[in-house]
Amino acid sequence: MKRNLRVSAIVFMMIINSANAQTNVSSIFIEMLFPQGKSKALILSFDDGNVADRTLVKLMNDYGLLGTFHLNSNKLCTKDYLTKEEIKTIYKGHEVSAHTANHPNLTDLLKIDVIYEVLEDRKELERLTGYPVRGMSYPFGNTNDFVIKAISGLGIEYARTVGDTNNFSIPSDFLKWNPTIHLFGKTNYIPNDTANDSRELAQFYQLTNDFLKMNSIALFYVWGHSWEYDGSVNKWAEVEKFFKMVSKNPDIYYTTQIGLVDYINAFKNLKFSVDKTMVTNLSSINVFVKMNGKVYTIEAGSTKQLN
Ligand SMILES: [Zn+2]
């Protein structure tokens, strides 16, 4: 009788322990970190392919920054736009992405014309760059459910709007990708609208400083146009000041937009065992995760034991 009681007590303890263990397991969330275990990522994205991109890209290269450039292939080789011949060399090491062939307002078009604008742009930019072009930004930032449905299945993996979030979140729907903020707010964007310039500039730098201080996962997505700064030494000096602020920071993952999309997809495709003690990474990208306060590197094409 006494012995049975002791056995019951041991079994009871085991049940308690196993219940605790299960509670612990279910509370371990798998957190994505950026490459090298970093928590901050920066995307710089510019539209239109204006000749001022020559100055802009040179400045970015000087500061070791990466850019995503959205181009209208039918506008290239016309007044104020880059030539087709220089695309490959100017944007070397950066990402060339679509912005439609002719820059129409997509929400005004028939489905067949939306499809034409996107595919035609992809096809020509791919010929010019020599790699698959897999993303875009919406002309004028305009989109709706009709446009998103029309571009689904055209090989477009992300599409950016101009709806600034003023935060550092990663969008859940890559085809409705709202950026953090326009470079310098709208300071240089609307000609002659000087009333709010200093306020917008201050707000932009506040956000930049907030980002630099962040410790949790944060994406700072800044977009703009090189033509906004062209013809003004002061404006280019401002661009350089910003580049200097965000460059060469060991805590920041510098990436093109498609680079971040590929990384997030690699994270989402990790195959975990039910108890989360094993994980397989089928992608060609090393993925960094945090579990229970510990950082793990899941090497490309490997299965790893987690403990
Ligand atoms: Zn544009």
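Annotations
- Residue in segment 165-174 that is surrounded by fewer than 17 Cβ atoms within 10 Å (Cβ to Cβ), within 16 Å of the ligand (Cβ to nearest atom) and over 24 Å from Lys58 (Cα atoms) present: no
- Which listed residue is in contact with a Pro (Cβ under 7 Å, 6 or more places away or on another chain) and either closer than 19 Å to Thr256 by Cβ or among the β-branched types (Val, Ile, Thr) (or both), from Thr100, Thr68: Thr100
- Among the residues listed as Lys244, Lys235, Lys186, Lys248, the single one being at positive phi and in the same structural domain as Gly64 (by TED's automatic domain parsing): Lys248
- Qualifying residue in segment 170-193 (condition: assigned to a loop (DSSP other than H, G, I, E, B), among the hydroxyl-bearing types (Ser, Thr, Tyr) and farther than 27 Å from Tyr229 by Cα): yes
- Filtered by the rule that a residue be within 16 Å of the ligand (Cβ to nearest atom) and within 16 Å of Leu44 (Cα to Cα), segment 222-260 gives Val222, Trp223, Gly224, His225, Ser226, Trp227, Glu228, Tyr229, Gln257.
- When segment 250-277 is filtered for residues that are surrounded by 15 or more Cβ atoms within 10 Å (Cβ to Cβ), among the polar types (S, T, N, Q) and not in a helix (DSSP H, G or I), the ones remaining, listed by number, are Thr255, Thr256.
Here is a yes/no grid of residues against (1) modelled with pLDDT under 95; (2) under 28 Å from Asp62 (Cβ atoms); (3) β-branched (Val, Ile, Thr):
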{"site": "Val133", "(1), (2), (3)": "no, yes, yes"}
{"site": "Thr143", "(1), (2), (3)": "no, no, yes"}
{"site": "Phe184", "(1), (2), (3)": "yes, yes, no"}
{"site": "Tyr205", "(1), (2), (3)": "no, yes, no"}
{"site": "Asn209", "(1), (2), (3)": "no, yes, no"}
{"site": "Leu212", "(1), (2), (3)": "no, yes, no"}
{"site": "His225", "(1), (2), (3)": "no, yes, no"}
{"site": "Asp230", "(1), (2), (3)": "yes, yes, no"}
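- Scanning segment 281-303 for residues that are surrounded by 13 or more Cβ atoms within 10 Å (Cβ to Cβ), in contact (Cβ under 8 Å) with a residue 24 or more places away in the chain and part of a strand (DSSP E or B) turns up Val287, Phe288, Val289, Lys290, Met291, Thr297, Ile298, Thr303.
- Residues in segment 23-45 that are in a strand (DSSP E or B) and more than 13 Å from the chain's Cα centre (by Cα): Glu31, Met32, Leu33, Lys38.
- The residues on offer are Trp227, Trp223, and the sole one that is within 13 Å of the chain's Cα centre (by Cα) and not in a loop (DSSP other than H, G, I, E, B) is Trp223.
- Residue satisfying all of: in segment 134-150; surrounded by 15 or more Cβ atoms within 10 Å (Cβ to Cβ) and more than 16 Å from the ligand (Cβ to nearest atom); nearest to Ile43 (Cα to Cα) among these: Arg134
The values are calculated or read from the model by the stated rules, or taken from the named source; none is laboratory data. Every value quoted in this text rests on a predicted model; they were computed, and no experiment measured them. In this analysis, Cβ positions are derived from the backbone assuming ideal geometry, glycine residues included, and neighbour counts consider all displayed protein chains.
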